[in-house]
Amino acid sequence: MVRDFDELVDEAGAVSVAGWDFSWLDGRATEARPSWGYQRLMGERLAGASAALDIQTGGGEVLAGAPKLPPVMVATESWPPNVAKATQLLHPLGAVVVADPDEPPLPFADAAFDLVTSRHPATVWWTEIARVLRPGGTYFAQHVGHESVFELVEYFLGPQPAEVRRSRHPDDERAAAEAAGLEIADLRFERLRIEFFDIGAVVYFLRKVIWMVPGFTVEAFRDRLRELHEKIQDEGPFVAHSTRSLFVARKPE
C-alpha cells in the first residue's frame, strides 16, 4: 500500500529522535558501513585501556556495545535528552556520563586518560584531546567526512560554497591534529552509499542529524519535501553518499 505524503511526514515528525539509535529507519533507508568496523576495533582498544574517555557519546549506544570497559570509563554529551539516555544506559555498566557543552575546555585534568574515543563528533577540539591524553595515549575515532550526504543537503539548501564542501576534509583534520602535537598512526577514508526509500525516512534523518540542514522543520521545507516525496515515488529511492574517516592519533611519550 502506498502511503500518502502527509501520513509519512506526520509519523516521522512525531517520533522521538533522542539517542543515536537509527533502528527506526530499518526497512526505510539503508547505509553502507565502513569496511574497518569501528565498534569492534573500539571495543578491542577499550579492553586494554586503564582510563578512557568517550567524547560526544550520544545516547551511549555505541559505547554500551563494547564487550569490556576499562576500570575508569567516562563519557561526555551535550544534548540533555541524550545525557539522560546515556546515563540510564551506561551507569549500570560502570561508566560515568558528564554533561559537557562540547566547547573547550574538557572538564578533566591534563593527562587523565590513556585512550580517548569518539564516533561521529560534531566538533573536534584537537588541543583538548591532546591535553587530556597521557603521553603515549591514543585518540581512536570515526569522523564524518567532507561532503557527507551532500546530495540531500544541497537538495534543500542549494549548492554550497567551496569552504563548506571542504569542511571536515581528512587532510585538514590530519594537519590540525599534528598542529596540536599528535602523531597520526592511521587514517582511512571511505565514501558510502545511502538510500532513502520514503519521505518519512528523510524527515526522521534530518530531525536527528540536526547539523545537516540547520533549522530544518517539516513546515519550513514542506513544499520541497513534497517534491522529493513525488520524486521517490516516481523514480525510486533517493541516493546519497556518506563519508567516513578513521583516525588513530597518538600523543608522543
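The values are calculated or read from the model by the stated rules, or taken from the named source; none is laboratory data. Remember, it's a predicted structure, so these values are computed and weren't measured experimentally. Here the Cβ is made from the backbone with ideal geometry for all residues, glycine too, and neighbour counts use every protein chain on show. Areas reflect the complete protein model, heavy atoms only, side chains present, ligands, DNA and RNA absent. Shrake-Rupley method; radii C 1.70, N 1.55, O 1.52, S 1.80 Å.
If the condition is being exposed (fewer than 15 other Cβ atoms within 10 Å of the Cβ) and of a type in the set (A, V, I, L, M, F, W, C), then the range 1-13 contributes Met1, Val2. For Glu151, are the conditions met, namely being among the charged types (D, E, K, R) and touching a residue at least 12 places away in the same chain (Cβ under 8 Å)? When the stated conditions are applied, Glu151 passes them. When the helices (runs of 4 or more DSSP H) confined to the range 132-238 are screened for residues that are under 23 Å from Leu106 (Cα atoms) and either among the charged types (D, E, K, R) or in contact with a Lys or Arg (Cβ under 6 Å, 6 or more places away or on another chain) (or both), those reaching at least 3 such residues are found at 170-179. Open to solvent by 10 Å² or more (accessible area, probe 1.4 Å), farther than 19 Å from Leu246 by Cβ, out of contact with any Pro (no Cβ under 7 Å at 6 or more places or on another chain) and part of a loop (DSSP other than H, G, I, E, B): is that true of Pro81 in this structure? No. For Gly27, the criteria (1) within 29 Å of Gly215 (Cα to Cα); (2) surrounded by 17 or more Cβ atoms within 10 Å (Cβ to Cβ) hold in every case but one, which is (2).
Residues in the range 120-150 that are surrounded by fewer than 19 Cβ atoms within 10 Å (Cβ to Cβ), among the hydroxyl-bearing types (Ser, Thr, Tyr) and within 23 Å of Gly59 (Cα to Cα): 1 in all.
Residues in the range 84-105 that are hydrophobic (A, V, I, L, M, F, W, C) and assigned to a helix (DSSP H, G or I): 5 in all.
Criterion applied to Arg207, Arg165, Arg191 was being surrounded by fewer than 16 Cβ atoms within 10 Å (Cβ to Cβ), touching a residue at least 40 places away in the same chain (Cβ under 8 Å) and charged (D, E, K, R), and the one residue passing it is Arg191.
When residues in the range 168-188 are screened for being open to solvent by less than 70 Å² (accessible area, probe 1.4 Å) and touching a Pro at 6+ places or on another chain (Cβ under 9 Å), 3 of them pass.
Quick one: would you say Ser16 is of a type in the set (S, T, N, Q), open to solvent by 30 Å² or more (accessible area, probe 1.4 Å) and either farther than 23 Å from Glu190 by Cβ or at pLDDT 95 or above (or both)?
Criteria met by Ser16.
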